[in-house]
1. Find the all-direction average of the projected area of the Cα convex hull for region 73-126, expressing the result in square nanometres with one decimal place.
2. Could you work out [θ]222 nm for the chain from helices alone, using -39500 (n - 2.57) per DSSP H run of at least four and dividing by all its residues? Round to the nearest 500 deg cm²/dmol.
3. How long are the semi-axes of the equivalent ellipsoid of the chain, defined as square roots of 5 times the Cα gyration tensor eigenvalues? Whole Å, largest first.
4. How far is the Cα center of region 74-96 from the Cα center of region 53-68, in Å?
5. Using amide H atoms built in the peptide plane, which far-off residues or other-chain residues are under 5 Å from Gly60 H to H?
6. Sort out for me the Cα centre separation of region 100-139 from region 160-216, rounded to whole Å.
7. Quick query: amide H of Phe70 versus all other amide H atoms, modeled in the peptide plane; which residues come in under 5 Å with a sequence gap of 5 or more or a different chain?
8. Can you compute the radius of gyration and Dmax for region 67-164, using only the Cα atoms, both in Å?
Amino acid sequence: MIRIMSQAQPSPSDDRVGALPAKQARSRRTRDQLLAAGYSLVEARDFEAMSIADIAKAAGCSVGAFYYRFADKEAFFRAMIAHRLEEARRHVGGLLAVPDGTDPLETVVGAVAETFRRRPGFLRAALRKSMEDPSAWEPMRAHGHFVADQFLERLSRDAGRRPAPHVEQRIRFAFQIMNGTLINALINAPGPLRLDHPALTRELLRAMRLVIDAGD
């Protein structure tokens, strides 16, 4: 049995998309225990195959406690997406906030690729949801734009000016290539470099640089 009893705590005013408002600390803890259980379970089995009772049991709470926090499984999964993307935004923003002598493109590509390796079940579940309802992928799409925006802001700070429009377009296309390649590796594993291949990040970074530097 998977049992999850702890997770990083949100701020007291925080409410998850898909979750009913949590005003008491105990209610917030229960909500976060349920989300943590969902993240663990979805890496072990298909989201559609797990029941609300499975999630509640893994979180160490009752089914009634689940419904007190979430209207249904769909609302629960929306909250899972919102929480993961909130964490990812903070992580990427922190990585690129201060120049530290590292290559920002290498930093971002490495971080995004590592997310795909660490969260394959969650990302597959999100992709399956998008097949049923294209709007379900919109938060993920918006996050992809956010990552590219953060990278462009870092470049602008380092160079003291915004990249020319044609260069910015190439940068955004390079990020589109990155996301598409990682999604394809996650879903289809076409090879020659699978998601867990140690050379995938290096070759993806090389391809993105070729696109960004084309014509310069």
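1. Mean projected area of the Cα convex hull: 3.9 nm².
2. -22500 deg cm²/dmol
3. Whole-Å semi-axes of the equivalent ellipsoid: 35, 20, 14.
4. Region 74-96 and region 53-68 have Cα centres separated by 22 Å.
5. Ile4
6. Each part's Cα centre sits 13 Å from the other's.
7. Close amide H contacts, sequence-distant or interchain: Leu20.
8. Taking only Cα atoms of region 67-164, I get Rg and Dmax of 15.9, 51 Å.
Values quoted throughout were computed directly from the atomic coordinates according to the rules given, and no laboratory measurement underlies them. Keep in mind that what you see is a predicted model, and the values were worked out from it rather than measured. Backbone-built Cβ (ideal geometry, glycine too); neighbour counts: all protein chains shown.
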